[in-house]
Amino acid sequence: MSETETQVCWLCERPLGRPVEWHHPIPKSRGGRHRVAVHPICHRTLHANFANAELARRGSDVASLRRDPAIAQFLEWIAGKLPDFHAPTAKRKP
């Protein structure tokens, strides 16, 4: 399946809308090349909650990311939203 044929978001598993962003599960700065399609709000949420070092450590283990309390709460909140839904994302806490 090519990148443009992806139908659901890698993180929240909701249908993708427009626009689609591409996330590197292992950050490019850490040698990652593989990309996955995500909603813009999901992409921002990942980077607001995890530093690149943590994303690199977890790699492509999306289940581990989904179990994180902040991400689990986000996923519960976003579950019923339309594919093109977007809202401001809080910045990463120090």
Point to revise | Within region 1-70, trypsin sites (Lys or Arg not before Pro) in DSSP loop having at most 14 other beta-carbon neighbours inside 10 Å | key: Arg33
Check your understanding: Excluding His86 itself, what net charge comes from residues whose Cβ is under 13 Å from its Cβ, given Lys and Arg +1 and Asp and Glu -1?
Key -> +2
**Study point:** Rel. contact order, % - alpha carbon contacts under 8 angstrom, at least six apart, region 3-78
**Key:** 28 percent
Revision key, fill the gap. Per the helix-only model, the chain has a calculated mean residue ellipticity at 222 nm (DSSP H runs of ≥4, -39500 (n - 2.57) each, divided over all residues, rounded to the nearest 500) of -9500 deg cm²/dmol
Review point. For semi-axes √(5λ) of the Cα gyration tensor in Å, the choices are (1) 31, 14, 9; (2) 24, 12, 12; (3) 19, 17, 11; which was calculated from the structure?
Key: (3)
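Bear in mind these aren't lab numbers, they're just calculated from the coordinates by the rules spelled out. Note that the structure is a prediction, hence the values are computed from the model and not measured. No Cβ is skipped: glycine too gets one built from the backbone with ideal geometry, and neighbour counts run over all protein chains shown.
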